[in-house]
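Asks: Mind looking over this structure? Questions follow.
The numbers here are math on the coordinates, done by the rules we state, and not lab data. These numbers were taken from a predicted model, which means no experiment stands behind them. We place every Cβ from the backbone using ideal geometry, glycine too, and count neighbours over all the protein chains shown.
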Amino acid sequence: MVMKKIIIANWKANPDNARHAAVLAAAVERQAARYRTLEIVAAPPFPFLAAVGAKLRNARLGSQDIFWDGGAWTGAVSAAQLKSLGVSHAIIGHSERRMHMGETDAMVQKKLRAALGAGLAAVLCVGERERQDGGMDAAVGDQVGSALQGLSRRHARQLVIAYEPVWAISTAAGNAGADTPDHAFRARLYIEKTIASVFGARGAAGVRVIYGGSVTAENAPAFLRDGRMDGLLVGRASLDAKKIGAVIRSAAEVARR
Ligand code: PGA
């Protein structure tokens, strides 16, 4: 079975109002209707899920986080609640949550189980904080290994792993610009090896590994082609209808070949 390349628009805490969110959503939907060879996901902030979901038919709806339970957890949002709004994908363990909101590997693991258990596609974010010359940072393997602990191979197809080197995220302090496709490819191999140690090689082949960090329409094709990425997680460029449209078009070009 051929896995579609996946493009995820991570809007973070943007935009400021539902009207603007609906305009952005309509732009994403237009591209999704046009490029069906891609799986396209819009991940707005929680308050706009319903308004954005109402605009999507071909594009999928994603959340930027999930909580592992329902009930007496003030401020939390459960898998059941997300599903009731039509959410199909949940981003989990984004570096901004790990760094600024105290999210630990143990919390990430619980959230991942909750998402997979509810039948959602889980987009697990991992990445090293500092740029390193040479080898891969063991932190990436640790993040993947710890999150997947105890999961079974049958979850592989629901899982997407987003390699997002923290230093390459556009809004990171001291942002060093996007990674190189070559380094991202090495990260991919390293992540695959870690997944294979949990799911076996066949299970690992069902997990999509994608890249995030200062993705633009200009660098997207190289990450997909030379970096052998199965998709892209797009932050800043996804807040501009023209820019996310261009990213999707350039990805569709690669997917066609
Ligand atoms: P960026 O964000 O594209 O603005 O670098 C990516 C992300 O943080 O998911």
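Asks: Please give me the summed charge of the neighbours of residue 163: other residues whose Cβ is under 12 Å from its Cβ, Lys and Arg +1, Asp and Glu -1. Write down the numbers at each step before the final one.
Replies: Numbers: positive: 186, 188, 208, 228; negative: 128, 137, 164, 179, 192, 230.
Charge balance near residue 163 sits at -2.
Asks: In the Gaussian network model of the chain, springs joining C-alpha atoms below 10 Å, which of 170, 197, 88 carries the largest mean-square fluctuation?
Replies: Highest fluctuation among the options: 197.
Asks: A follow-up question, please. Whole angstrom only: what separates the Cα centroid of the range 167-182 from the Cα centroid of the range 139-157?
Replies: Here the answer is 25 Å between Cα centres.
Asks: Given the rule -39500 (n - 2.57) for each run of at least 4 DSSP H residues, summed and divided by the residues of the chain, what is its mean residue ellipticity at 222 nm, to the nearest 500 deg cm²/dmol?
Replies: On the way: 9 runs with 104 residues, N = 257.
For the chain, the value works out to -12500 deg cm²/dmol.
Asks: Now for a different question. Which links in 110/242; 110/243; 193/243; 111/242; 4/83; 193/242 stretch past 31 Å when you go from one Cα to the other? Could you put the intermediate results ahead of the total?
Replies: On the way: 110/242 37 Å; 110/243 34 Å; 193/243 34 Å; 111/242 33 Å; 4/83 22 Å; 193/242 37 Å.
Where the Cα-Cα span goes over 31 Å, the pairs concerned are 110/242; 110/243; 193/243; 111/242; 193/242.
Asks: Could you state the per residue volume, in Å³, of the convex hull enclosing the Cα atoms of the range 134-257?
Replies: Values: hull volume 13.9 nm³, N = 124.
That works out to 112 Å³ per residue.
Asks: Quick one: compute a quarter of the convex hull surface over the Cα atoms of the range 1-133 and quote it in nm².
Replies: Values: hull surface 39.5 nm².
Its average projected convex-hull area is 9.9 nm².
Asks: Give me the dipole magnitude in Debye, nearest 20, for the range 127-217 about the Cα centre, with unit charges on the beta carbon: positive for Lys and Arg, negative for Asp and Glu. All intermediate terms of the calculation are to be shown ahead of the outcome.
Replies: Working: 10 positive and 9 negative charges, 121 e Å.
Value, rounded to 20: 580 debye.
Asks: Also, quick follow-up: As a test, work out the antiparallel percent of DSSP beta bridges whose residues both lie in the chain, rounded to the nearest 5.
Replies: If I count the DSSP bridges inside the chain, around 0 percent turn out antiparallel.
Asks: Charges on Cβ only, +1 for Lys and Arg, -1 for Asp and Glu, centred on the Cα centroid of the chain; of 80, 91, 233, which one is farthest towards the dipole's positive end?
Replies: The one lying farthest along the dipole's positive direction is 80.
Asks: Does a label point 7 Å from the Cα of residue 180, set along Cα-to-beta-carbon, have any residues of the range 225-253 with amide nitrogen under 14 Å, and which are they?
Replies: 226-227
Asks: Who wins for biggest fluctuation among 64, 81, 31 in a Gaussian network model of the chain, springs between alpha carbons below 10 Å?
Replies: 81
Asks: Further question: Please compute the Cα-Cα pair-distance distribution of the range 76-170 with 10 Å bins starting at 0, giving whole percents from short to long.
Replies: It works out to 16, 48, 29, 7, 1, in whole percents.
Asks: Something else now. Which net charge results when you count Lys and Arg as +1 and Asp and Glu as -1 among the other residues whose beta-carbon is under 10 Å from that of residue 201?
Replies: Net local charge, residue 201 excluded: +1.
Asks: List the GluC sites (Glu not before Pro) within the range 54-144 that DSSP assigns to loop and that have no more than 12 neighbouring Cβ atoms inside 10 Å.
Replies: Working: sites: 96, 103, 128, 130; in loops: 103, 128, 130.
Of the GluC sites (Glu not before Pro), the ones in loops of the range 54-144 whose Cβ has at most 12 other Cβ atoms within 10 Å are 130.
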